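Report on the following structure.
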Number of protein chains: 2
Amino acid sequence: MKESYVHGYDPRENIRLQDQASTLVDLLHSDTLYPPGSRVLEAGCGVGAQTVTLAGNSPDAIFISVDISEDSVAAARRAVEAAGVTNVNFMRGDIFQLPFEPGSFDHIFVCFVLEHLPRPVEALEILKGYLKGGGTITVIEGDHGSAYFHPASDFARRAIDCQVELQRRSGGNANIGRELYPLLSRAGYLDIRVSPRMVYVDSSRPELVEGFTRKTFTAMIEGVREAALAAGISDQDTFDKGVSALYRTAEADGVFCYTFFKAVAIKG
Amino acid sequence: MKESYVHGYDPRENIRLQDQASTLVDLLHSDTLYPPGSRVLEAGCGVGAQTVTLAGNSPDAIFISVDISEDSVAAARRAVEAAGVTNVNFMRGDIFQLPFEPGSFDHIFVCFVLEHLPRPVEALEILKGYLKGGGTITVIEGDHGSAYFHPASDFARRAIDCQVELQRRSGGNANIGRELYPLLSRAGYLDIRVSPRMVYVDSSRPELVEGFTRKTFTAMIEGVREAALAAGISDQDTFDKGVSALYRTAEADGVFCYTFFKAVAIKG
């Protein structure tokens, strides 16, 4: 394994592959590739943000992408068509009640879905039923407890915790990423391998400062402002100071860290 | 860059290099290699824990390893001799007052040192003076704020914060890892690249459960028990509950995450 790291004598060249992912899409999805002809269930495709990449990276696999929201399915279908991707079939469906026969799929892909479910282990067990023996499930989730930054700020932490609390009240878990191993284990999957994907942002990576720190993470927290105030989880001044502190981490001397967790496991 | 991630169609094979480091030593040091004949200053070698690996990995470079503690230097010398490594010269010395001419070194290596210094930017500036133009500095630091785990525990967090507070009172910063980019930038280094090295531990990695979660991180926190109680930072019951909660993360369904930061930068 040691050889894998050794790219020569120049320490400048010895930067890890992890650091080379130029976009979040690369970081999360570039190593998910399915063999030609395999049938893959994407459970919870949302508006197709992942579907385009997933199906585009495995053009000879066949994807069935489902979501509980009719509107999301329609949006996903449009996104896939706009991208010229043709190997996806869409349908509306509830993960807990899909109309498939047992063992219908070679592989299953679940991204940013478990975080919203009150019973994630049950969902994983049900999905396992749709897999052929030896088939894989790939699960990707974020973890808001993995966010830390410079300058550190209690206000920023409290603003993030508003989102965590709102999601908890909706039955979800915004800190679920770290739990993928025990969740898959309890659901009976075998040979579970979890691979953390850390997004590290400093001002030498301006596309991530803009694309991740500002427009993805901080914008997401800012987006729960009204809900957090309405629910009495925070007051206006405290919340706004938190959002300002998050934007502060996007300045020239700021640093922002967040980790996604990607797991692959087998149905025995 | 995409090709770097693609190792075939089997999702089981598509696990990242980051996940393949079998030990902490591999994770932190396997990509630090110096060309034959280069002169490398290891500033703050301690008892030689890194020196053996560093010099062993670059057998044809010449290392000058210094530490402020005479006892540590003696221990480091014994460790290197015991390992049969012969390309290290040791001396006692204070980073802020070393007896070298400007531009004496091709490269500098600093590991787990800045976290203890009240003036880390000044230390980096002084070290820069000893580098030749175009030479590199490699800095590695941990960050206790990067620790999170399952099951989550406020008691565990408070026990960790005892160590952070004690280190702060000694003039150090146990959360310095995330700051390497701004620190090196303020010290005038160029082309700074920070590479986080996340240690992810679940029970599929028993050697890390034992070697990192239990015997490295939790043992370190446990080790400040008397100091934390004596300083009145925690009470006995609260601290002991925190340590128990950290050991709990080493059980079969537990997960532990910690990130080290490695930076390489150039003297312009």
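The values are calculated or read from the model by the stated rules, or taken from the named source; none is laboratory data. Predicted, not measured: the structure shown is a model, and the values here were computed from it. Cβ coordinates were reconstructed from backbone atoms using ideal geometry, including for glycine residues, and neighbour counts include every protein chain displayed. All accessible areas refer to the heavy atoms of the entire protein, side chains included, with ligands and DNA or RNA removed. Shrake-Rupley method; radii C 1.70, N 1.55, O 1.52, S 1.80 Å.
Brief remarks on what is shown
- Working note: 222 nm ellipticity from helices only, DSSP H runs with n ≥ 4, each -39,500 (n - 2.57), summed and divided by the residues of the protein assembly as shown, gives -9000 deg cm²/dmol to the nearest 500.
- With the simple model of a label 7 Å out from the Cα in the direction of the Cβ, residue A:101 to residue B:169 spans 7.0 nm.
- When the square roots of the Cα gyration tensor eigenvalues are ordered a ≥ b ≥ c, the ratio a/c for region A:66-110 is 1.5 or more and a/b does not exceed b/c, which makes its shape oblate.
- Listed residues B:100, A:155, A:261 arranged by accessible area, highest first, probe 1.4 Å: A:155, B:100, A:261
- Accessible area that becomes buried as B packs against A, both chains, 1.4 Å probe, Å², nearest 100: 5600 Å²
- Near the amide H of residue B:42, within less than 5 Å, lie the amide hydrogens of B:64, B:65, B:66, B:109, all on another chain or at least 5 residues away, with H placed in the peptide plane.
- Given charges at Cβ of Lys, Arg, Asp, Glu: the protein assembly as shown dipole, positive-most of A:160, B:38, B:65: B:38
- Dipole magnitude for the protein assembly as shown: about 160 debye, using +1 per Lys or Arg Cβ and -1 per Asp or Glu Cβ, origin at the Cα centre.
- Relative contact order %, region A:44-191, counting alpha carbon pairs below 8 Å whose residues are six or more apart: 21 percent
- In chain B, the longest principal axis of the Cα atoms and the axis of helix B:154-169 are about 30 degrees apart.
- Rounded to the nearest whole Hz, the Karplus-based 3J(HN,Hα) values (6.51 cos²θ - 1.76 cosθ + 1.60, θ = phi - 60°) of region B:95-109 follow the sequence 3, 7, 8, 8, x, 9, 6, x, x, 7, 10, 7, 8, 10, 10, with x at glycine and proline.
- Rounded Å value of the spacing that divides the Cα centres of region B:216-254 and region A:57-75: 47 Å
- Distance histogram in 10 Å bins (all Cα pairs of region B:147-189, percent per bin): 24, 37, 29, 10, 0
- In the assembled protein chains, residue A:216 presents an accessible area of approximately 60 Å² (probe radius 1.4 Å).
- Label-point distances for residue B:87 to the equivalent site in the other copies, using a point 7 angstrom along Cα→C-beta, read 4.7 nm when ranked shortest first.
- Shortest first, residue A:102 label-point distances to identical copies amount to 7.8 nm, with the label point at 7 Å from Cα along Cα→Cβ.
- Between region B:90-153 and region A:168-189, the Cα center-to-center distance that results, in Å: 39 Å
- Considering region A:20-93, its Cα convex hull presents a mean projected area of 4.6 nm².
- Binned Cα-Cα distances of region A:74-179, short to long, each 5 Å bin given as a whole percent: 2, 10, 16, 17, 16, 15, 11, 7, 4, 2, 0
- J(HN,Hα) series, region A:122-134, from Karplus relation 6.51 cos²θ - 1.76 cosθ + 1.60, nearest Hz, glycine and proline x: 4, 4, 5, 5, 5, 4, 4, x, 7, 8, 5, x, x
- Pairwise Cα distances in region B:154-230 exceed 17 Å in 61 percent of cases.
- Each eigenvalue of the Cα gyration tensor of chain A, multiplied by 5 and square-rooted, gives one semi-axis; in descending order these are 31, 25, 18 Å.
- Convex hull projection area averaged over all views, region A:190-258, Cα basis, nm²: 6.6 nm²
- In Å², nearest 10: area of residue A:144 left accessible to a 1.4 Å probe: 10 Å²
- Placing a label point 7 Å from Cα along the Cα-to-Cβ direction at residue A:237 gives distances to the equivalent points in the other copies of 3.5 nm, listed shortest first.
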